[in-house]
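The values are calculated or read from the model by the stated rules, or taken from the named source; none is laboratory data. If you're wondering where the values come from, they're calculated on a predicted model, not measured in any experiment. Neighbour counts are summed over all protein chains in view; Cβ atoms, including those assigned to glycine, are modelled from backbone coordinates with ideal geometry.
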Amino acid sequence: MKTQLEIARDGIISEQMNQVAADENISPELIRSRVAKGEIVIPCNPSRKNQRAVGIGAGLRTKVNASIGTSSDICDIDAEVRKALIAQEEGADTLMELSAGGDLDAIRREVLKAVNLPVGNVPLYQAFKETGRKYKNPSKLDPEFLFDLIEKQLADGLSFMAIHCGINQYTIERLRKQGFRYGGLASKGGTFMVAWMDATGKENPLYEQFDRVCDLMKKYDAVLSLGNGIRAGAIHDSHDRAQMAEMIINCELAELGRERGCQMMVEGPGHVPLDEIQGNIMLEKRMSGNAPYYVLGPLPADTGAGYDHITAAIGAATSSWHGADLVCYITPAEHLALPNENDVREGVRATRLAVRIGDISKYPNKRESEKLAAMARRDMRWEDLEKHLMFPEVAKQMRRERCPQEEKTCTMCGDFCAMKKGMEVFADDIKYDKVSK
Ligand code: SF4
């Protein structure tokens with residue numbers, strides 16, 4: 001079986017490429033050429049039926065990922081399935097199943113059955129959790145068990161995996177020589193791999209046997225998303241030497257993986273101040289040869305817990321503007337607790353809005369719906385306005401609950417309505433296209 005990348009290199013437009021082209025209103029040939037260069041990936045493991053083909057990368061709408069999954073403290077398989085369905089209903093483009101408590105095989109399979117989104121995971125979670133259960137010590141992880149587990153998970157139908165190939169002994173040395181970090185390590189899979197390497201003195205098998213990782217991913221045409229195990233967990237650690245070491249290696253691996261015919265993404269960057277986001281994205285794009293960039297947030301502040309979906313949304317708008325291709329949502333529970341169903345809903349909504357804001361600046365020619373919404377608002381055509389809103393039911397309910405005396409206005413200004421007054425003065429001067437572009 002050939003991967004989407006190999007099919008595109010053969011000059012063939014696959015069914016999935018056609019689907020992405022139709023969804024994005026872009027020519028199938030342009031999609032094919034970007035898939036062939038590795039600038040667009042399509043996570044779509046063919047062993048899973050009824051799965052939506054989603055394009056991630058250059059020239060496409062910025063996509064939103066929602067992550068769900070149990071922990072050792074809260075483990076309710078039905079709740080995770082409900083969260084997966086909420087994420088899909090709210091418009092997430094991809095889903096990551098990141099359970100770390102309970103029967104991990106069963107949870108993954110139930111979630112895969114419930115949704116038609118491309119589903120990804122982090123295989124190191126199950127590898128370390130099961131090793132810990134068996135030997136009471138996750139550092140007893142056997143690399144052969146890890147590789148077998150990756151294949152078992154792929155065979156279930158996962159379409160992408162975050163795999164921490166870019167951590168090696170050189171990266172760990174950078175952490176020690178710089179005096180560790182203000183914010184410690186934030187990645188669970190990455191931290192337990194660092195601990196394994198520290199305990200065994202061995203090189204990361206995912207780095208050492210990178211070709212083997214690629215070949216497994218290729219077998220199922222799953223996208224290899226190079227995990228950001230050394231991402232900054234505090235803005236004061238952003239772009240430190242350890243993070244940069246991993247980023248350089250991940251970008252190098254993205255190129256090597258593409259050469260083997262594997263679809264590749266790079267992940268980053270964690271907590272990053274707003275003024276560093278543009279530079280971070282430029283570096284990833286430049287060093288990886290424009291591999292799609294999957295960003296976590298980024299979170300541009302460390303003091304917003306409780307509202308970190310908003311903190312991250314500000315980072316997400318900035319990152320999507322400057323070229324990020326897939327944004328992982330952050331929920332209001334980030335840094336505090338396992339997200340509940342409402343947190344998932346709020347996280348997806350905040351992130352969809354954020355990437356829309358970013359895309360308005362990334363693609364200035366794709367702003368038409370903003371103009372139509374503004375004109376409906378100007379004309380106080382409330383029902384038309386709802387057609388252009390991202391969350392029409394919220395708008396409708398708010399207006400219904402706080403009903404104005406005069407139907408056309410709203411209770412914000414009542415009889416002091418600027419829209420109404422403006423139309424009284426300028427109604428005869430209106431042209432559809434005020435400024436020709
Ligand atoms: S009342 Fe105020 S907020 Fe409401 S439509 Fe008029 S100008 Fe806008």
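Tell me which residues, restricted to the stretch 124-151, are in contact (Cβ under 8 Å) with a residue 12 or more places away in the chain and either touching a strand residue (DSSP E or B) at 6+ places or on another chain (Cβ under 6 Å) or of a type in the set (D, E, K, R) (or both).
Start the filter on the stretch 124-151 by keeping residues that are in contact (Cβ under 8 Å) with a residue 12 or more places away in the chain, which leaves 124-131, 138-139, 141, 143, 145-147, 149-151.
Hits for the stretch 124-151 are 129, 130, 151.
Identify all residues within the stretch 167-192 that are within 22 Å of residue 257 (Cβ to Cβ) and in contact with a Gly (Cβ under 7 Å, 6 or more places away or on another chain); write none if there are none. I'd like the intermediate steps shown before the answer.
Step one: filter the stretch 167-192 for residues within 22 Å of residue 257 (Cβ to Cβ), giving 167-171, 187, 189-190.
Within the stretch 167-192, 167, 187, 189, 190 qualify.
Tell me yes or no: at least one residue of the stretch 420-430 is more than 11 Å from the ligand (Cβ to nearest atom), under 30 Å from residue 92 (Cβ atoms) and modelled with pLDDT of 95 or more.
Applying the first criterion (more than 11 Å from the ligand (Cβ to nearest atom)) to the stretch 420-430 yields 424-430.
If we keep only those that are under 30 Å from residue 92 (Cβ atoms) too, we end up with none.
Scanning the stretch 420-430, I find no residue that is more than 11 Å from the ligand (Cβ to nearest atom), under 30 Å from residue 92 (Cβ atoms) and modelled with pLDDT of 95 or more, so the answer is no.
Please work out which one of (1) among the aliphatic types (A, V, I, L, M); (2) touching a helix residue (DSSP H, G or I) at 6+ places or on another chain (Cβ under 6 Å); (3) within 23 Å of residue 43 (Cβ to Cβ) is the condition residue 296 fails and give its number.
(2)
Against the definition (in the same structural domain as residue 190 (by TED's automatic domain parsing), farther than 18 Å from residue 56 by Cβ and small (Gly, Ala, Ser)), how does residue 268 come out, yes or no?
No: the conditions fail for residue 268.
Give the residues of the stretch 365-404 that are exposed (fewer than 13 other Cβ atoms within 10 Å of the Cβ) and within 11 Å of the ligand (Cβ to nearest atom), sorted by residue number.
402
Can you name the number of the only condition in (1) more than 30 Å from residue 52 (Cα to Cα); (2) touching a residue at least 60 places away in the same chain (Cβ under 8 Å); (3) part of a loop (DSSP other than H, G, I, E, B); (4) among the hydrophobic types (A, V, I, L, M, F, W, C) that residue 165 fails?
Only one criterion is unmet by residue 165, namely (1).
Pairs needed: first member in the stretch 87-104, closer than 15 Å to residue 329 by Cα; second member anywhere, surrounded by 18 or more Cβ atoms within 10 Å (Cβ to Cβ) and acidic (Asp, Glu); C-beta distance under 8 Å; at least 6 residues apart or different chains.
So the pair list comes out as 97/80.
If the requirement is being closer than 23 Å to residue 278 by Cα and outside the structural domain of residue 277 (by TED's automatic domain parsing), which of these qualifies: 352, 367?
On the way: 352 fails: outside the structural domain of residue 277 (by TED's automatic domain parsing).
Result of the check over 352, 367: 367.
Of all residues in the stretch 113-143, how many are in a helix (DSSP H, G or I) and in contact with a helix residue (DSSP H, G or I) (Cβ under 9 Å, 6 or more places away or on another chain)? Don't jump to the end; show me each part of the working.
Filtering the stretch 113-143 for residues in a helix (DSSP H, G or I) gives 113-114, 123-135, 138-140, 143.
Applying the additional criterion that residues be in contact with a helix residue (DSSP H, G or I) (Cβ under 9 Å, 6 or more places away or on another chain) yields 113-114, 123-132, 134, 138-140, 143.
Qualifying residue count for the region: 17.
If residue 417 satisfies all but one of (1) within 16 Å of the ligand (Cβ to nearest atom); (2) surrounded by fewer than 17 Cβ atoms within 10 Å (Cβ to Cβ); (3) at pLDDT 95 or above, what's the number of the condition it fails?
For residue 417, the exception is condition (2).
Just to be sure I understand, how many residues within the stretch 7-35 are of a type outside the set (S, T, N, Q) and part of a loop (DSSP other than H, G, I, E, B)? Can you show your working first?
Start the filter on the stretch 7-35 by keeping residues that are of a type outside the set (S, T, N, Q), which leaves 7-13, 15, 17, 20-24, 26, 28-32, 34-35.
The next check asks that each one be part of a loop (DSSP other than H, G, I, E, B); those that pass are 10-13, 26.
Here the count works out to 5.
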